[in-house]
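The values are calculated or read from the model by the stated rules, or taken from the named source; none is laboratory data. Keep in mind that this is a model prediction, so the values were computed, not measured. Counting neighbours? That spans all protein chains shown, and the Cβs are built from the backbone with ideal geometry, glycine included. Ligands, DNA and RNA are excluded from the accessible area calculation, which covers all protein heavy atoms including side chains. Shrake-Rupley method; radii C 1.70, N 1.55, O 1.52, S 1.80 Å.
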Amino acid sequence: MNAARRVLPVDDAPLLEAERLALKVGERWLCCEFSLSLAAGECLVLLGPNGAGKTTLLHTLAGLREPTVGEVRIGGLPYAAWPALEAARFRGLLAQQQPDLFAASVLETVLVGRHPHLGRWGWEGPQDVAIARAALESVGLAGFEQRDVQTLSGGERQRVAIATLLTQAPRLFLLDEPLNHLDLHHQIAALDLFQRLVREDGAGRGSVLVLHDINLAARYADHIILLDGRGGVMAGDRDAVLRADLLSQAFGHPLRRIEHAGRAVFLPD
Amino acid sequence: MRCRRSPPAIAAVLLSAAAVALLWALVAGDLPVGATDVVAALVGGDGMGATVIRELRLPRALAAFACGGLLATAGALMQVLLRNPLADPYILGISGGAAVGALGAMVLGAAMFWVDVSAFAGALAAMLLVFGLAHGDGSWTQTRLLLTGVIVAAGCGAAVSLMLALAPDTRVMSMLFWMMGDASAASRPWPALAVLALALVAVMPFARDLNVLARGELTARALGVRVGHLRVALYVLASLLTATAVTLVGSVGFVGLVVPHLVRLALGNDQRVLIPAAALAGGTLLTLADTAARTVMAPQQLPVGVLTALIGVPVFLFLLSRSPRGTP
């Protein structure tokens, strides 16, 4: 253990905490002060209408944006206390858009995720390649290693991005609309995959997802943060937030809650 | 990132090509020389052939090599910085600033030394102007940087045209040669070679960061890359490389845009391979082009910039048409 790896993260600290967090973009408050805490094994879903600030909030939770008010901590320490590469081994972000401007093979694209695990002069070794191949296999892209990313479909590119995040192997997954471009089968497969990783005993992982589908949120979330687009925030356990009246108000469209096979389903009126 | 061929093999091929190109540059020309003259020149021997090689051909060949390497490296860095495959070293107005400086000095009839000083100062002024304007409000988007650079380059272009129109006829020819790129007057290649070597040493530890940056700014920051610092460093480095090259041989076109693409088509987009390979390939291409420029129509000397385009365009189109990867 060298000195640089000393105390990170603090033992037993929650994976992610936000304390009295408030965000303002320009003159508009996206969310008023609220706090949250995410423990290992838990999944948090951010819901809200277009432009409500879900992505801004996620980027703030990822430490890529300073909160207007309050503090974000991962592993018990604020981002300022984390060296960038150590933070990158602890939390990973799936960005909403994947630029593929230059030709590159799927395997080399996915191997980019190993960056924080390699030293300044390090090259990816057989072990890193094995991790990348396993990640590709887990998103159903085994055999795509030598394909050019620019020739892939939108859904395949999204799965390459997910595989890149898995190759990064963080403990905290921050996923911005992970279901973009995915068909129904791959949507469920992706959510099942992250649920399996997060629930795995002793792995100490957690996830924060920006989703648009209320019913998938109801199926996978432990906690929900609902932004109403006017600065209001409802944060809490799934069943406390997923109420027809709150959702109808936030999304500006009446919703009806239906119980089906022990699960709550929300249908637009 | 994995390369399709092993880095040592690539290095061996490119180094051999560079050696062949330099050797050809030493033996080609009006005065026939043999291998003994080349050896004599390199070890400091006497004789007509050795002197011609040591005093004329070697400095010129090394200058061309250094400039090709500088431009190709700068082009590769600019393409990563701007995340734009069409970026070249001149896109942000560096060469425009250098041209304004150099041609301004030529109009005034300054000596060659002051033309060089003025060209370098012009390039630095353009670099600072573009950086200051694009960075003005603290944000730094590729689009803003690109637009600022393109506008500054356009302004420099207008100033250059104005000077060409107003200059006395006797000086217009040398001004045009400067614009097209001309290595005939380059006699001091060592500073440029040193800049190239230092730049490669400085960039290689960060080459994997550049791979990550190509995945987008957000993803790069989430992967622990200090994107803000990296982009400023990239900008300054690419600008300095361009300024050095342009000061030495003028605005040789094409090398900085096409060599990175040729290397990318052949070897993939891993910057750890791409950047040093582009430096070697760019140097080799410009050495070949410059040797051709002074021999094919001897004693008439052609501007080397014309030759780089004449060699590079068909090669590039050929590689593009047979590329399995589809796009560069």
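Brief remarks on what is shown
- Overall form of the stretch B:208-328 per C-alpha gyration tensor (a/c, 1.5; a/b vs b/c): oblate
- Carbon and sulfur %, accessible surface of the stretch A:14-78 computed with the full protein complex present, 1.4 Å: 48 percent
- Among residues other than B:D290 with Cβ under 13 Å from its Cβ, the summed charge is +2 (Lys and Arg +1, Asp and Glu -1).
- Using the rule -39500 (n - 2.57) for each DSSP H run of four or more residues, divided by the residues of chain B, the 222 nm mean residue ellipticity is -24000 deg cm²/dmol.
- Scoring A:33-40, A:16-23 by mean Cβ neighbours within 10 Å over their residues and listing the highest first yields A:16-23, A:33-40.
- Counted by Cβ distance under 12 Å from A:I131, the other residues give a net charge of -1, where Lys and Arg count +1 and Asp and Glu count -1.
- Lys, Arg +1 and Asp, Glu -1 on Cβ, resulting dipole of the stretch A:6-57 about Cα centre, debye, nearest 20: 280 debye
- The stretch A:27-49 residues near the modelled A:A240 label - backbone nitrogen below 15 Å, point 7 Å along Cα→Cβ: A:34-39, A:44-45
- From its DSSP helices (H runs of at least four residues, each -39,500 (n - 2.57)), chain A gives a residue-normalised ellipticity at 222 nm of -9000 deg cm²/dmol.
- Per atom type, the stretch B:120-208 shows carbon and sulfur on 76% of its accessible surface, probed at 1.4 Å.
- Beta bridge orientation in the stretch A:140-269: antiparallel %, DSSP, nearest 5: 70 percent
- Summing Cβ point charges (Lys, Arg +1; Asp, Glu -1) relative to the Cα centre of the stretch A:23-156 gives a dipole of roughly 300 debye.
- Chain A against chain B buries an accessible area of about 3200 Å², both chains summed, 1.4 Å probe radius.
- Spin-label pair A:A261/B:L133, simplified geometry with 7 Å Cα→Cβ offset, distance in nm: 6.3 nm
- P(r) of the protein assembly as shown over all Cα-Cα pairs, binned every 10 Å from zero, in whole percent: 3, 15, 22, 21, 16, 11, 7, 3, 1, 0
- Top positive-direction residue, dipole computed over chain A with Cβ charges, set A:V69, A:V208, A:S105: A:V69
- Remark: chain A carries a charge dipole of roughly 240 debye about the Cα centre, counting +1 on each Lys and Arg Cβ and -1 on each Asp and Glu Cβ.
- Rounded, prolate or oblate (a/c below 1.5 giving rounded, otherwise prolate when a/b exceeds b/c) for chain B by Cα gyration tensor: oblate
- Within the shell defined by Cβ-Cβ distances under 11 Å, the residues around B:P303 carry a net charge of -1, with Lys and Arg each +1 and Asp and Glu each -1.
- Which of A:L36, A:G26, A:H59, positive extreme of dipole for the stretch A:9-60 (C-beta unit charges): A:G26
- Interface burial in the stretch A:62-108, defined as at least 50 Å² less accessible area with all protein chains than with the chain alone at a 1.4 Å probe, covers A:L64, A:P99, A:L101, A:F102, A:A103, A:E108.
- DSSP-loop chymotrypsin sites (Phe, Trp or Tyr not before Pro) across the stretch A:45-132, with at most 11 other Cβ within 10 angstrom: A:W121
- Peptide-level mean, for A:160-166, of C-beta atoms on other protein chains within 10 Å: 1
- Å² per residue, accessible surface of the protein assembly as shown at 1.4 Å: 42 Å²
- Farthest toward positive dipole pole in the stretch B:156-226 [+1 Lys/Arg, -1 Asp/Glu at C-beta], among B:W178, B:G216, B:A199: B:G216
- 1.4 Å probe, heavy atoms, protein only - residues of the stretch B:185-218 losing at least 10 Å² accessible area vs chain alone: B:M204, B:P205, B:F206, B:R208, B:D209, B:V212, B:A214, B:R215, B:L218
- The figure for B:L248 is an accessible area of roughly 40 square angstrom, using a 1.4 Å probe on the protein chains alone.
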